[in-house]
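Data block below; observations after.
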Amino acid sequence: MTAVHEMPFGAAPLAGGGVLFRLWAPAAARAGLELDGTAPVAMTALADGWHELAVPAARAGTRYRFVLPDGQAVADPASRANPDGVHGASMVVDAASFAWHDSEWPGRRWHEAVICEVHIGTFTEAGTFAGAIERLPELAETGFTAIELMPVAQFAGQRGWGYDGVLPFAPHAAYGTPDDLRRLVDAAHALGLMVLLDVVYNHFGPDGNYLHAYCPDFFDASRQTPWGSAIAFNGPRAEPVRAFFVHNACYWINEFHIDGLRIDAVHAIQDDSPLHLCEEIAVALRAAGAAAQPPRAVHLMLENDDNAAWLLERDETGEPVAADAQWNEDLHHAAHVLATGQVDGYYADYADEPLSRLGRALAEGFAYQGETSTLRGKPHGEPSAQLPSVAFVAFLQNHDQVGNRAFGERIAALVDDAGAQRLEALRAALLLAPQVPLMFMGEEWDASTPFLYFCDFHGELADAVRDGRRQEFTRFAAFADARARARIPDPNDTTTFAACVLRRAERRQAPHAARLEATRTLLALRQRHLVPRLARRSLGGTYDADAGLLQVHWVLGDGALWHLALNLRDEAVSLPMAGALVHALRAGDAQVGARGVRVSVEPVDGGASS
């Protein structure tokens, strides 16, 4: 099985030999094409800012750059590979030459998802796609059904989180070749694992983006994101701009057999069009999945600080109209306050009633559904109780919530002994609640390694990023003093990156091995008792929180009632229980132990749980 995504820009190998090169450069009256370092050849200028040239002698592996009227040579913005980095030449790729082995892969339904978020550079010592392949069996055996890759599009330097990418179609060269990424996906599918991919469509990174020079129409100078000029999704020349990103989304599905995307920071995508970019992408992705042979399930996740429920709505059959799910930051924030007691920054909005806010997030999705956020000083969120639980991705850690801390500490490093027991109970609740659970790589065994912010910039940009990073923490009391801020690791220092590489030997050592076994047990329980009951649309839940005791009840897709009792008190609590016990941490049927959790199910027929 082969797969090639056809698009109106970039370098496309032709059926009869040669390559067609196309560039949208509306601000350039002419453009040239440089092949393998030779003198540029003039391209043909077409209408509406397009330039093209067919080169019979070009082939897969040919290096090329586009040359602007002032002589500046730039990489192809739709480059499929840039082996020498963002400032180097692009390389022609023939996606049809890769031999896939997943021709029978139908994908997986969304309710089956149990996600491990992975940063390729620190997931293994090799820091490559090939290195990650070796670790996939461990994830499948633990009980994960999906991996979510942090962005892999080419960014400046060798090291980074990936959210400053500038060549959205080119897998980051330090991680391997495009075919190496295909091999990773192929291997994951052989193990029954979905591969989900983070993509960034709200800005380009600060180093290596040359679009301003020949395509200013890509940007809306009147609007800014926290990371630079906003993309002009509804500007006067919005059609090719939107097409660039819609094609990018489908490209990952078609040429790499990716099973779904997570769109980063949707709240920073400023689009007033009748059809929001996320809706347009959702339609295109599902069409791509339906056109595959055999048809494949393709999914769309969002990160959206606006808590916009309208992007998560279901149709009359229960299928997503746009996105399958959104990362549930509300759930994380409330759980973090309960485990650690920290109330700085955005945790302040959850400090008043953290258990109640956790209950609402578990039962209804958003904890804030239009109430005023003190942090924001305005109403926040939209009503979400009408949405199914699987419309939300729940987590206690992710790259942001770990890496945006000054020292990148994982949550287990932030709790005392009592907090550790609360955290253990919260983990059980996470993995046995109907929302789609996500764990950050290494969380399954309580990895001791931090996850710091790191990058590979140079000169003034490196200074600005380092100083800006430290300045961000002035709002926290612990970093009010300049000397305290100076201790925050320099993101550009290689030791900052090296400290984040997982130490996999920990998986077999105490106490990590016990945590890994507990994760396996919980995920096995989830797979046996909960997942089959989520196959049809669940009806959401109700909750009651009182003095350290939280009870949540859901009606599942098969009509069964799923009950969760979370006791964060220092003493056990006696509670009646309907149905059959699924899991009890510290206590059992008659009681919920101190800082413990109990989960039970009441099947439709009233019988024992299967």
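Every residue, every condition in (1) in contact (Cβ under 8 Å) with a residue 60 or more places away in the chain; (2) of a type in the set (Lys, Arg), yes or no:
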residue	(1), (2)
ARG135	yes, yes
PHE144	yes, no
MET150	yes, no
ALA153	no, no
GLY160	yes, no
PRO168	yes, no
ASP186	yes, no
GLY208	yes, no
ALA213	yes, no
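Screening ARG427, ARG360, ARG405 for residues that are modelled with pLDDT of 95 or more, within 22 Å of the chain's Cα centre (by Cα) and not in a strand (DSSP E or B) leaves exactly one candidate, ARG427. Within segment 223-244, the set of residues being surrounded by fewer than 20 Cβ atoms within 10 Å (Cβ to Cβ), touching a strand residue (DSSP E or B) at 6+ places or on another chain (Cβ under 7 Å) and closer than 30 Å to ARG469 by Cα comprises ARG223, GLN224, SER229. Of the set (1) under 28 Å from the mean Cα position of the chain (by Cα); (2) more than 19 Å from ASP179 (Cβ to Cβ), all apply to ASN82 but (2). For beta carbons closer than 9 Å, sequence separation of 6+ or different chains, a first residue in segment 548-570 that is free of Cβ contacts under 8 Å to residues at least 24 places away in the same chain and under 18 Å from ALA391 (Cβ atoms) and a second that is of a type outside the set (A, V, I, L, M, F, W, C) and assigned to a loop (DSSP other than H, G, I, E, B), the qualifying pairs are VAL555/SER538; VAL555/GLY540. Only one of VAL531, VAL601 is in contact (Cβ under 8 Å) with a residue 60 or more places away in the chain and under 28 Å from the mean Cα position of the chain (by Cα). Can you tell me which? Going through VAL531, VAL601 in turn, just one is in contact (Cβ under 8 Å) with a residue 60 or more places away in the chain and under 28 Å from the mean Cα position of the chain (by Cα): VAL531. Residue count for segment 169-210 satisfying the condition of being in contact with a strand residue (DSSP E or B) (Cβ under 8 Å, 6 or more places away or on another chain) and in a loop (DSSP other than H, G, I, E, B): 14. With respect to (1) in contact with a Phe, Trp or Tyr (Cβ under 9 Å, 6 or more places away or on another chain); (2) modelled with pLDDT of 95 or more, the lone exception for ALA3 is condition (2). Restricting attention to segment 21-51, the residues that are farther than 30 Å from PRO236 by Cα, part of a loop (DSSP other than H, G, I, E, B) and in contact with a strand residue (DSSP E or B) (Cβ under 9 Å, 6 or more places away or on another chain) add up to 4.
Table: residues versus (1) surrounded by fewer than 20 Cβ atoms within 10 Å (Cβ to Cβ); (2) touching a strand residue (DSSP E or B) at 6+ places or on another chain (Cβ under 9 Å).
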| site | (1), (2) |
| --- | --- |
| ALA297 | yes, yes |
| GLU316 | yes, no |
| GLU329 | no, no |
| ALA339 | no, no |
| GLN342 | yes, no |
| LEU355 | no, yes |
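Among residues of segment 52-69 being in a loop (DSSP other than H, G, I, E, B) and without any contact (Cβ under 8 Å) to a residue 60 or more places away in the chain, the one that is surrounded by the most Cβ atoms within 10 Å (Cβ to Cβ) is ALA58. The residues in segment 498-522 that are in contact with a helix residue (DSSP H, G or I) (Cβ under 7 Å, 6 or more places away or on another chain) and either assigned to a helix (DSSP H, G or I) or modelled with pLDDT under 95 (or both) can be counted, and the count is 9.
Can you name the helices (runs of 4 or more DSSP H) wholly within segment 78-168 that have at least 3 residues being closer than 30 Å to GLY208 by Cβ and of a type in the set (A, V, I, L, M, F, W, C)?
Values: elements: 120-123, 129-133, 136-142.
Because the criterion is at least 3 residues that are closer than 30 Å to GLY208 by Cβ and of a type in the set (A, V, I, L, M, F, W, C), the helices (runs of 4 or more DSSP H) in segment 78-168 that meet it are 129-133.
Counting only residues that are out of contact with any Leu (no Cβ under 6 Å at 6 or more places or on another chain) and of a type in the set (Lys, Arg), segment 408-428 holds 2 of them. With respect to the stated conditions, THR44 is at pLDDT 95 or above, surrounded by fewer than 20 Cβ atoms within 10 Å (Cβ to Cβ) and β-branched (Val, Ile, Thr).
Among the residues making up segment 469-491, those that are modelled with pLDDT of 85 or more and either outside any loop (DSSP other than H, G, I, E, B) or among the β-branched types (Val, Ile, Thr) (or both) are ARG469, ARG470, GLN471, PHE473, PHE479, ALA482, ARG483, ALA484, ARG485, ALA486, ILE488.
Taking segment 243-278 as the range and being farther than 22 Å from TYR163 by Cα and not polar (S, T, N, Q) as the test, the residues that pass are ASP272, PRO274, LEU275. When segment 1-41 is filtered for residues that are surrounded by fewer than 17 Cβ atoms within 10 Å (Cβ to Cβ), among the hydrophobic types (A, V, I, L, M, F, W, C) and under 25 Å from VAL246 (Cβ atoms), the ones remaining, listed by number, are MET1, VAL4, LEU14, ALA15, LEU20, ALA27. The residue of segment 281-309 that is nearest to VAL390 (Cα to Cα), among those that are under 19 Å from the mean Cα position of the chain (by Cα) and charged (D, E, K, R), is GLU303.
Might you check whether a residue that is closer than 29 Å to LEU277 by Cα and either of a type outside the set (A, V, I, L, M, F, W, C) or surrounded by 24 or more Cβ atoms within 10 Å (Cβ to Cβ) (or both) occurs anywhere in segment 119-128?
Within segment 119-128, the first condition is being closer than 29 Å to LEU277 by Cα, and the residues that meet it are 119-120.
Within this subset, residues satisfying the condition of being either of a type outside the set (A, V, I, L, M, F, W, C) or surrounded by 24 or more Cβ atoms within 10 Å (Cβ to Cβ) (or both) are 119-120.
Within segment 119-128 (the criterion being closer than 29 Å to LEU277 by Cα and either of a type outside the set (A, V, I, L, M, F, W, C) or surrounded by 24 or more Cβ atoms within 10 Å (Cβ to Cβ) (or both)), the answer is yes, since at least one residue qualifies.
Step by step: first the residues of segment 370-418, then only those that are among the small types (Gly, Ala, Ser) and in contact with a Gly (Cβ under 7 Å, 6 or more places away or on another chain), then the one that is farthest from ARG466 (Cα to Cα). Which residue is that? The residue in question is ALA385. Looking only at residues in segment 230-251 that are touching a helix residue (DSSP H, G or I) at 6+ places or on another chain (Cβ under 9 Å), assigned to a helix (DSSP H, G or I) and of a type in the set (A, V, I, L, M, F, W, C), the one that is modelled with the lowest pLDDT is ALA238.
So, in segment 313-357, exactly how many residues are of a type in the set (Gly, Ala, Ser), part of a loop (DSSP other than H, G, I, E, B) and without any contact (Cβ under 8 Å) to a residue 40 or more places away in the chain?
From segment 313-357, those of a type in the set (Gly, Ala, Ser) are 318, 322-323, 325, 334-335, 339, 341, 345, 348, 351, 356; that's our starting set.
Next, only the ones that are part of a loop (DSSP other than H, G, I, E, B) stay: 318, 322-323, 341, 351.
The next check asks that each one be without any contact (Cβ under 8 Å) to a residue 40 or more places away in the chain; those that pass are 351.
Of the residues in that region, 1 qualify.
Determine whether ALA96 is in contact with a strand residue (DSSP E or B) (Cβ under 9 Å, 6 or more places away or on another chain) and among the small types (Gly, Ala, Ser). Spelling it out, ALA96 is indeed in contact with a strand residue (DSSP E or B) (Cβ under 9 Å, 6 or more places away or on another chain) and among the small types (Gly, Ala, Ser).
The values are calculated or read from the model by the stated rules, or taken from the named source; none is laboratory data. Predicted, not measured: the structure shown is a model, and the values here were computed from it. Neighbour counts run over all protein chains shown; Cβ positions are idealised from the backbone, glycine included.
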